[in-house]
C-alpha cells in the first residue's frame, strides 16, 4: 500500500467511526506529504467541517481549489461552507463558478436560490429555482425549494402543488412531507399537519426540525409527555454549529415541561 493510500485509508476509517480529530490530523499529514493534491485538501476540509471547524474547513477547500479550480464537488462544498458561515456574497460567487464550469448544473441554481431565500430575497430565489427546473424539471430539491418560495409569498395553493409534484415523483421524500406539515400547521389544519410530519419522520428520522414541529403540535393538543420526547429527540440529533441558539431554547422548554409533569 502506497503512503497516499495508507493515509487515505486511515483518515476515512477515522471519519467513519466519528473520530474527527484523528481524521483531521491524518488528512493534514496528507496535505503536507502531497501538497499538490487538491483531494488531500478537500478531505481535510471535510474532516474539519465534521469537527465543527468551519473557518479552517473553508481555508482547506480554498487551498484545494487553488490546485484544481474546476472541481465541481469542491466548489459545492466551499459554497455551502460560505453559506453556513453567513458569507453570502462569497457563497453566491462560488455557486456561480460552478455554472462557469458546467452551465447545466441545476443544483447550483438551487443553491443560489437558497441563499437568496434565506436573505428574504424571494423573487430572486424564485428566478433561480425556475432556472433549475428548466434544466431538471423532475428535480425534487428544486420542487421543494420552489414550494417554500411560493409559500413565503403567500401563494399557498402553488406551494402545495409543488410539494405534491415532489411526492408524485418520490412518495418517500421526507422533506416534501415535512414542508406540507409546516404549511398545514401554519394554516391551522392540525390533523393533516400531524399526519404529514409523522410520515416525514418515518421516512427520515434524522429530519431534526420535524421533531420541533411535531412537538409543537403535541403541545397544542396537550400531549405534553409526547411533546417532551420529541424535543429531546431534537436535542439528541441536531448538532450543527448554527443550531446552538435554538438548542438552548428547546432545552429550556424541556425543563419547563418536566416541571409540569
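The values are calculated or read from the model by the stated rules, or taken from the named source; none is laboratory data. Given the structure is predicted, the values throughout are model-derived calculations rather than measurements. FYI the Cβ positions are ideal-geometry reconstructions off the backbone, even for glycines, and counts take in every protein chain you see.
Residues considered: 90, 85, 30. Of these, the only one that is touching a helix residue (DSSP H, G or I) at 6+ places or on another chain (Cβ under 8 Å), surrounded by 14 or more Cβ atoms within 10 Å (Cβ to Cβ), within 30 Å of residue 114 (Cα to Cα) and in contact (Cβ under 8 Å) with a residue 24 or more places away in the chain is 85.
Whether any residue in the stretch 159-169 is surrounded by fewer than 17 Cβ atoms within 10 Å (Cβ to Cβ), more than 18 Å from the chain's Cα centre (by Cα) and under 22 Å from residue 220 (Cβ atoms) is what I want to check. Walk me through it before giving the result.
Here is the first cut: in the stretch 159-169, the residues surrounded by fewer than 17 Cβ atoms within 10 Å (Cβ to Cβ) are 161, 164, 168-169.
Subsequent filtering for residues that are more than 18 Å from the chain's Cα centre (by Cα) retains 161, 164, 168-169.
Restricting the remaining residues to those that are under 22 Å from residue 220 (Cβ atoms) gives none.
Scanning the stretch 159-169, I find no residue that is surrounded by fewer than 17 Cβ atoms within 10 Å (Cβ to Cβ), more than 18 Å from the chain's Cα centre (by Cα) and under 22 Å from residue 220 (Cβ atoms), so the answer is no.
Can you say whether residue 207 is touching a residue at least 12 places away in the same chain (Cβ under 8 Å) and exposed (fewer than 12 other Cβ atoms within 10 Å of the Cβ), as far as the supplied structure shows? When the stated conditions are applied, residue 207 does not pass them. Total residues in the stretch 112-129 satisfying the condition of being surrounded by fewer than 23 Cβ atoms within 10 Å (Cβ to Cβ) and over 20 Å from residue 100 (Cβ atoms): the figure is 8. Can we say residue 66 is at pLDDT 95 or above, out of contact with any helix residue (DSSP H, G or I) (no Cβ under 6 Å at 6 or more places or on another chain) and assigned to a helix (DSSP H, G or I)? Yes, satisfied. Would it be correct to say that residue 243 is more than 26 Å from residue 191 (Cα to Cα), surrounded by 13 or more Cβ atoms within 10 Å (Cβ to Cβ) and within 25 Å of the chain's Cα centre (by Cα)? Yes, satisfied. Please determine, by comparing only the residues of the stretch 1-32 that are over 26 Å from the mean Cα position of the chain (by Cα) and not in a helix (DSSP H, G or I), which one is farthest from residue 61 (Cα to Cα). Only one residue fits best here, namely 1.
Which of the residues belonging to the stretch 33-43 are over 12 Å from residue 3 (Cα atoms) and either out of contact with any helix residue (DSSP H, G or I) (no Cβ under 9 Å at 6 or more places or on another chain) or assigned to a helix (DSSP H, G or I) (or both)?
Initially, the stretch 33-43 is screened for residues over 12 Å from residue 3 (Cα atoms), giving 35-43.
38, 39, 40, 41, 42, 43, listed by residue number.
Can residue 39 be described as over 22 Å from the mean Cα position of the chain (by Cα), surrounded by fewer than 14 Cβ atoms within 10 Å (Cβ to Cβ) and modelled with pLDDT of 95 or more? Here the answer is no, as residue 39 does not meet what is asked.
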